[in-house]
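Reviewing the structure listed below.
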Amino acid sequence: MLVPMAGLESAIPVFKVVRSYNRLGDHMTRRPFGDSLASLAVTCFAVTCSFAPEVFAQSIDRWKIDSNKHPSLSVITKNPPEKQLLDMTVYKFEIEHGGCGGDQSWSDCDNDRQRVELKDGYKVGLQSFGSKTKQIRRYYRTNIFIPDESQFPDTSPMTQMIHQVKLHQKNQPIWMIHYHKEGLKISTDTARGGACFVNKKYVPRGKWIEVEIFADYTKGKERIKRDEPFFLYRINGRNVCSIKTPLITERGLKDGGRKKLQLKFGIYNTFPSRWLLLQPENLDWIQRNNISFAAYHQDSKGQSNGAVSSKLGTPFEFDWPIKLPKQTIYFTDWEIADSREKLGKPRFELVDTKPEVNKRPSNAKAVCTNASIGWMRGKEGDKWIEKAKGLGLDRKSCKELLRQ
């Protein structure tokens, strides 16, 4: 069923459903009223629907589509025929070079980013009334299928974030999950330097994995641990990450706007320019054409975390000889509840034994030692810096690691 999102402003194009029939089944497309030549927003064959995100966010089921200035370069397909799991709803995310989004207050295209994501629209409120701290806990469950390198290639040092929770108008996510060639990097706003590195043997390509997350959003004191975890991440019933520092602090709340949280999932790339500037063909093209770039630094807006920088903020303004490869990933629909019992029956039972969890890659300290020299000399293209970024490490996390 295609249902228009309620409450759209009059400036946003209104869509109608055009229905036709052929041997493939009920074929539905959604077009703007009038004679616009804009790309189709939605195409459906039977129960399979493809959604090209528009400039203004539309919706799929209960999820909102993050807006995209170049809708032909990113697609979300509901129930793709080539990938199914039991009777669950499956979402396929695809993004190509230049699939950058934006709205009235933000532009991925101008900030060295691109994305194809679904979001739930700030469903969790953190506002407390009176002196008593509000207790807020959420349990999440989904399944993820990460294809082989031909469909979901390693793009380091460009990052591949695959799910996150954001506080309204705060730069840094409350928690976020990055995929890289060594496995997963699980980070929180309060656990500096990366909370957990999950070994790739727990994140196999070409197989459905069941992910279950516990997050306690009750406000706590900065860096003060407790016995009970604030955050748990499980894969196929096995606990692969446990974080005992608060996810929400007074400092973090001051960074944001409204005290509301939003879940987002799909593919979110930061620093496409870093990957593009590593390709020999692109470097040769820059030199032959005597091209220079203006460095990019994100405005921190007074926030305590989340301001980042790169050599180029607008990589998609240039016609690179070698462009970013297409990326594809699959998720099932998310279950979200305030208790684990309300999630329904999992595919995997809980595993009691503690897994081998990498708090950091085994060679992290050696890589950070060499990368620190490059950072001190201002050589952002240094091979050790790129190795550090490939392991999910940045200057701040390396500095903290070397202090230990």
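The values are calculated or read from the model by the stated rules, or taken from the named source; none is laboratory data. The model shown is predicted, which means the values in this text are computed figures rather than measured ones. Using ideal geometry, Cβ is built from the backbone for each residue, glycine included, and neighbour counts are taken over all protein chains shown.
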Would you confirm, using the coordinates I've provided, whether VAL165 is crowded, with 22+ Cβ neighbours inside 10 Å, among the aliphatic types (A, V, I, L, M) and either modelled with pLDDT under 95 or within 17 Å of the chain's Cα centre (by Cα) (or both)? yes
When you check PRO204 against the structure, is it touching a Pro at 6+ places or on another chain (Cβ under 6 Å) and surrounded by fewer than 20 Cβ atoms within 10 Å (Cβ to Cβ), yes or no? no
Of the residues SER362, SER397, which single one is modelled with pLDDT under 80, polar (S, T, N, Q) and surrounded by 18 or more Cβ atoms within 10 Å (Cβ to Cβ)? SER397
Determine whether segment 184-191 contains at least one residue that is of a type in the set (A, V, I, L, M, F, W, C), touching a strand residue (DSSP E or B) at 6+ places or on another chain (Cβ under 8 Å) and in a strand (DSSP E or B). yes
Which one is surrounded by the most Cβ atoms within 10 Å (Cβ to Cβ) among residues in segment 60-93 that are β-branched (Val, Ile, Thr) and closer than 12 Å to ILE329 by Cα? ILE76
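Can you pull out the residues in segment 224-248 that are closer than 22 Å to HIS178 by Cβ and assigned to a loop (DSSP other than H, G, I, E, B)? Quick ask: steps written out before the conclusion?
Here is the first cut: in segment 224-248, the ones closer than 22 Å to HIS178 by Cβ are 229-236, 238-248.
Answer for segment 224-248, where residues must be closer than 22 Å to HIS178 by Cβ and assigned to a loop (DSSP other than H, G, I, E, B): PRO229, PHE230, ASN236, LYS244, THR245, PRO246, LEU247.
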Determine whether segment 170-181 contains at least one residue that is touching a Lys or Arg at 6+ places or on another chain (Cβ under 8 Å) and more than 20 Å from ILE95 (Cβ to Cβ). yes
Which ones in segment 152-183 are over 20 Å from LEU278 (Cα atoms) and part of a loop (DSSP other than H, G, I, E, B)? HIS168, GLN169, LYS170, ASN171, GLN172, PRO173, ILE174
Please pick out the residue among TYR296, TYR268 that is over 30 Å from TYR140 (Cβ atoms) and touching a strand residue (DSSP E or B) at 6+ places or on another chain (Cβ under 9 Å). TYR296
I'd like the residue in segment 241-268 that is among the aliphatic types (A, V, I, L, M) and farther than 23 Å from ARG62 by Cβ and, out of all such residues, is surrounded by the most Cβ atoms within 10 Å (Cβ to Cβ). ILE248
